[in-house]
Amino acid sequence: MSGFAAVALMLGLGLPAAANAEGARIVFDCTGADGTITRFVVAPVETDATGKGPIRVIFSGKTYDGVAASNRGPFQFGTEAEHFALLIEGEADGGGLKAQLHHATATASTLTPFTCETDI
């Protein structure tokens, strides 16, 4: 099964609603163009059967409150001063998942491409 198909299956197409309860975490280990690895831990707080609802994201040593639009994202999180959106785009050439991290502050915005592996 392809990586993206596995994520789609595990992130809601094949999991019962109870799997979306608090404690059902998803770990994404993402490699940037410069080879730096960034880990995102997405923890549902009280999502519905489609994965929509409040989440917590651990990223760069900080924990952020956020919201998921569905089991496949986008995952939006941040603070009043900075906002993030983790977007899973599909399969990457050579394996893994293509993803983008959008980071916005009051004065700047960046879009960082990643290739991610996940624990599911």
Tell me, what HN-Hα J-couplings in whole Hz come from the Karplus equation 6.51 cos²θ - 1.76 cosθ + 1.60 at θ = phi - 60° for each residue of region 108-115, using x for Gly and Pro? 8, 9, 10, 10, 10, x, 9, 10
Applying a 10 Å radius around every beta-carbon, put 79-87, 32-40, 66-74, 103-111 in order of their mean neighbour count, most first. 66-74, 79-87, 32-40, 103-111
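Where a number appears in this text, it was derived from the coordinates with a stated rule and is not lab data. For clarity, every value in this text was computed on a predicted model and none was experimentally measured. Cβ atoms come from the backbone with ideal geometry, glycine included; neighbour counts cover every protein chain shown.
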